[in-house]
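Asks: Quick one: the structure is below, questions incoming.
Quick note: the coordinates plus some simple rules give every number you see, no bench work behind them. Bear in mind that the values here come from a model prediction, so they are computed numbers and not experimental data. Positions of Cβ are backbone-derived with ideal geometry, glycine not excepted, and every protein chain shown enters the neighbour counts.
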Amino acid sequence: MALQDLITVCAGLLLLKSFVSFVFRYRRHQVLIRQHGCLPPPKAKLKDPIFGIDVIISNGRAAREHRSLQTFEERFYSIGATYSTKHGFPLIITMEPENVRAVVSQNFNDYALAPFRQPALKHFLGDGIFTTDGEKWHSSRALLRPNFNRDQIADLEAIETHVQDLFALLPADGITPVDLKDLLLRFTMDSATEFLFGQSVHSLRRNGNRDGDSLEAQFEMAFTAAQAECMKFIGMGPLARFARVKSQKQVEIVHRYIDTFVDKAIAFRKEYDETGDSGPVGKEKPKYLFLQELAKHTTDRARLRSELLNILMAGRDTTASLLGNLFFMISKSPEIMGRLRQEVDNLNGARPSYSSLRNMTYLKYCLRESLRLHPVAPVNTRIAVTDTVLPRGGGPDGSKPVLVSKGTAVGWSVYAMHRRKDLYGPDADQFCPERWETLITRSEYLPFNGGPRICLGQQYALTEASYVAVRILQEYDMESRDPGEWEEELAITACNRRGCLVALKARGG
């Protein structure tokens, strides 16, 4: 009898606690609603208003048909620029620049991303700059930020080495079609591993030969497989915590390979501590090494590996997708290609320097336009860690603030925002670099995120992409061999599903 009484009392206390929590939360909501004049946003029509299973199924179908970005954009115009829905959890989706600015900048501390990324990525990436929030994230950013200064970004000689490896694989008869997509991914893998580890995997020199005895080949294949599974987990959201990791063997291969460089860097750190110098006396100052610089500040093996993996995953795909999307568009437009080539030819065949790249205005316009029309990171999500407010989206005309309850996810489509005709003109869905001659943007243009989490490597990516674009256009004439329109493939970044099929002809040949 006493046990039954105890159970009854405990159940009553739990109910009382739930009721009190509900009352306090309701009162907090009412305070925010009155203070900001909040009104609810439009709601998506759901057959399943609890979990949104019908929306999940619809999104899955759109993904299989390679039209997720287009589907999201269409929903904004049929429901509203900001609307609420369910995706297994409460979700507010927006393409309003003011709302995006509130999430990524003004109310930055009200949101987190770890609840989405940790379940999907931690087994592979560990605790790094792209998987953490709070103090861990601040610590990662403070560790990494000094390593993305101009001196390191401007190492164009190292990039040129890999450009030459790329050129060696390009047919130059003007007839043979070549898909640049895979070659650019291998190029950026080579470049990124040299920048980060101090030693390139040289995947271009293997020319796609999957030599099983090569540690570099094993690493590259394992990295690609583990990354692909991570992308599946990201699509699952918080439910990824229940998924079974099938790529554990590949994850271990990647970790072991990187640990060899980490161990060398830690040994360097110990020698540095003993001598107070970065190299033997009387010898030329050694080349800058990203990993060695990190090891000067921490010898935590797991942390060093995690930060390297975080940067490598983002860095490889970002630049490769940017270049692939750029070449896909300009190779279809002789007029744009002609104007860009005229600017490139002003170098008179000389390899571009950092300063000359900065002065190439039309190239800059082309890169900006590529990132606008086909942003490499087209969607993003955060989850509210406290009750907060979005400045727009509520009420019949969408002009009122919106209450965001703790635990609600806020997603935004950079892709849709970048194509708004009220922001970019009636030709917003067209590739037009000339628009940047007069266009001034703020938070409506976010190719590299914004606020405190703005991409540390954006200047590195833009510098590398600019250099490669110039060098290719110096050496080759380029024409598209793909008659179709750009069709999405979403992974770490967004690129054309069919790659970048072009024909190249050696200039002067």
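Asks: What do you get for trypsin sites (Lys or Arg not before Pro) in the stretch 410-445 restricted to DSSP loop and a cutoff of at most 15 other Cβ within 10 Å of the site's Cβ?
Replies: On the way: sites: ARG419, ARG420, LYS421, ARG435, ARG442; in loops: ARG419, ARG420, ARG442.
Filter output for the stretch 410-445: ARG442.
Asks: For the chain, what is the relative contact order in percent, using Cα pairs closer than 8 Å and at least 6 residues apart in sequence? Please list the in-between numbers first.
Replies: Numbers: 749 pairs, mean separation 131.5, N = 509.
Relative contact order for the chain comes out at 26 percent.
Asks: Quick one, which of (1) 0.98; (2) 0.96; (3) 1.00 is the actual Rg/Rh (Cα atoms, Kirkwood Rh) calculated for this model?
Replies: Computed from the coordinates, Rg/Rh (Cα atoms, Kirkwood Rh) corresponds to (3).
Asks: Additional query: Determine, from the Cβ-Cβ distance of ALA63 and THR441 and an R0 of 35 Å, the FRET efficiency 1/(1 + (r/R0)^6), rounded to the nearest 0.05.
Replies: 0.75
Asks: Right, another one. First measure r as the distance between the Cβ atoms of ARG145 and LYS45, then evaluate 1/(1 + (r/R0)^6) with R0 = 41 Å and state the FRET efficiency to the nearest 0.05.
Replies: On the way: r = 45 Å, r/R0 = 1.10.
It comes out at approximately 0.35.
Asks: Another one. Multiply the residue separation of GLN35 and ASP5 by 0.36 nm, subtract the distance between their alpha-carbon atoms, and state the gained length in nm to one decimal.
Replies: On the way: separation 30, 0.36 × 30 = 10.80 nm, distance 4.48 nm.
So the chain would gain 6.3 nm between GLN35 and ASP5.
Asks: At a Förster radius of 60 Å, what calculated FRET efficiency corresponds to the Cβ-Cβ distance of ALA491 and THR275, to the nearest 0.05? Walk me through the numbers before you get to the answer.
Replies: On the way: r = 44 Å, r/R0 = 0.74.
FRET efficiency, ALA491 to THR275: 0.85.
Asks: Sticking with the crude label model, points 7 Å out along Cα→Cβ, report the distance from LYS287 to THR386 in nm, one decimal please.
Replies: Calculated label separation equals 4.7 nm.
Asks: Subtract the Cα-Cα distance of SER333 and ASN109 from 0.36 nm times their separation in residues, and report this length gain in nm to one decimal. If you can, show how the numbers build up before the last one.
Replies: Details: separation 224, 0.36 × 224 = 80.64 nm, distance 4.41 nm.
Extending this stretch completely gives an extra 76.2 nm.
Asks: Largest first, please: the extent of the C-alpha atoms of the stretch 307-372 along each principal axis, to the nearest Å.
Replies: Per principal axis, max minus min of the Cα coordinates gives 40, 27, 18 Å.
Asks: A follow-up question, please. Give me the one-decimal nm value for the distance between modelled label points at GLN248 and ARG25, 7 Å along each residue's Cα-to-Cβ direction.
Replies: 3.5
Asks: With only Lys, Arg, Asp and Glu charged, each at its Cβ (+1 for the first two, -1 for the last two), find how big the charge dipole of the chain is about the Cα centre; round to the nearest 20 debye.
Replies: Details: 66 positive and 60 negative charges, 354 e Å.
Around 1700 debye, computed over the chain.
Asks: DSSP loop (so not H, G, I, E, B), at most 15 other Cβ within 10 Å: list which GluC sites (Glu not before Pro) in the stretch 48-79 pass both filters. Don't skip to the answer; put the middle values down first.
Replies: Values: sites: GLU65, GLU73, GLU74; in loops: GLU65.
Answer by residue number: GLU65.
Asks: If each residue of separation counts as 0.36 nm, what is the full-extension length gain between LEU239 and ALA428 once their alpha-carbon separation is subtracted?
Replies: 64.4 nm
Asks: In nanometres, what is the gap between the two model label sites at MET231 and ALA158, each 7 Å from Cα along Cα-to-Cβ?
Replies: Output for this residue pair reads 2.6 nm.
Asks: What residues have an amide H closer than 5 Å to that of GLU487, excluding those fewer than 5 places away on the same chain, when H is modeled at 1.01 Å from N in the peptide plane?
Replies: Long-range HN contacts for GLU487: ARG497, ARG498.
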